[in-house]
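These notes are about the structure you will find just below.
The values are calculated or read from the model by the stated rules, or taken from the named source; none is laboratory data. Quantities reported herein were computed from a predicted structural model and do not represent experimental measurements. Here the Cβ positions follow ideal geometry from the backbone for every residue, glycine too, while neighbour counts run over all protein chains shown.
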C-alpha cells in the first residue's frame, strides 16, 4: 500500500463507457480512489452502492469518487447500470494501477491461496498527494466513514 504523503501515481485506464481517464484529469479536486475485487459480488456491490448513494455529498465538497477493479469495461457498464452508479469505474485488466498502488496481494479463502485485489481506499488531495490510505476497509461502511473522517459530514 502506498503511504500518506506520497505523490499519487498517475494512471490511464478506460472507464465504464470506454473513455480513457487519468488521475491528472481531476487535478484541483479531491479524489476518493477505491480498489475493489469484483463487480456484482456482495461486498463490492454494497461498497459501490454506498458511494453511489452518498455521491452528492462528495460532489458538494469538491471530490470525485473513482472505483477500480480488474473487471472489463463491459462488466463495469453492466455494474453501473444495475445499481445506477453515478461515478467513474475504471477497468484495469492489465493490473497496471492495481500493482502501482500496491493492492495486488496473495489472499487466502477456504484453504485456497490466490492473488487478488485487497479492498483499499485512498484519499488524494487537490495537489495529487495521498492524505489517507486504508486497506482495512469495511465495504458497507466505506463511503460513510470517508465522509465522516475527511469531510466532517455526519451520516445517520
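Name the residues in the stretch 105-125 that are touching a residue at least 40 places away in the same chain (Cβ under 8 Å) and in a strand (DSSP E or B), would you?
Scanning the stretch 105-125 gives 116, 117, 120, 121, 122, 123, 124.
Scanning the stretch 85-102 for residues that are under 13 Å from residue 38 (Cβ atoms) and in contact (Cβ under 8 Å) with a residue 40 or more places away in the chain, which turns out surrounded by the most Cβ atoms within 10 Å (Cβ to Cβ)?
Selected residue: 89.
Mind listing whichever residues of the stretch 126-153 are surrounded by fewer than 16 Cβ atoms within 10 Å (Cβ to Cβ), out of contact with any helix residue (DSSP H, G or I) (no Cβ under 6 Å at 6 or more places or on another chain) and assigned to a loop (DSSP other than H, G, I, E, B)?
126, 127, 135, 136, 138, 152
Any residue in the stretch 17-28 that is surrounded by 12 or more Cβ atoms within 10 Å (Cβ to Cβ) sitting within a Cβ distance under 8 Å of a residue that is part of a helix (DSSP H, G or I)? List the pairs, counting only those 6 or more apart or interchain.
Sorted first by the residue in the stretch 17-28, then by its partner, the pairs are 17/73; 17/77.
With the condition kept exactly as written, say whether any residue in the stretch 42-58 is touching a residue at least 24 places away in the same chain (Cβ under 8 Å), surrounded by fewer than 22 Cβ atoms within 10 Å (Cβ to Cβ) and outside any helix (DSSP H, G or I).
No, the conditions are met nowhere in the stretch 42-58.
Is there a residue in the stretch 72-85 that is under 21 Å from residue 136 (Cβ atoms), out of contact with any strand residue (DSSP E or B) (no Cβ under 7 Å at 6 or more places or on another chain) and in a loop (DSSP other than H, G, I, E, B)?
No, that holds for no residue.
Any residue in the stretch 143-156 that's farther than 17 Å from residue 66 by Cα: show its pairings with residues that are loosely packed, with under 13 Cβ neighbours inside 10 Å at Cβ separation under 8 Å, as long as the two are six or more apart or on different chains.
The qualifying pairs are 148/154.
Answer yes if at least one residue in the stretch 106-118 is closer than 23 Å to residue 153 by Cβ, at pLDDT 95 or above and within 15 Å of the chain's Cα centre (by Cα), and no otherwise.
No: the stretch 106-118 contains no residue that is closer than 23 Å to residue 153 by Cβ, at pLDDT 95 or above and within 15 Å of the chain's Cα centre (by Cα).
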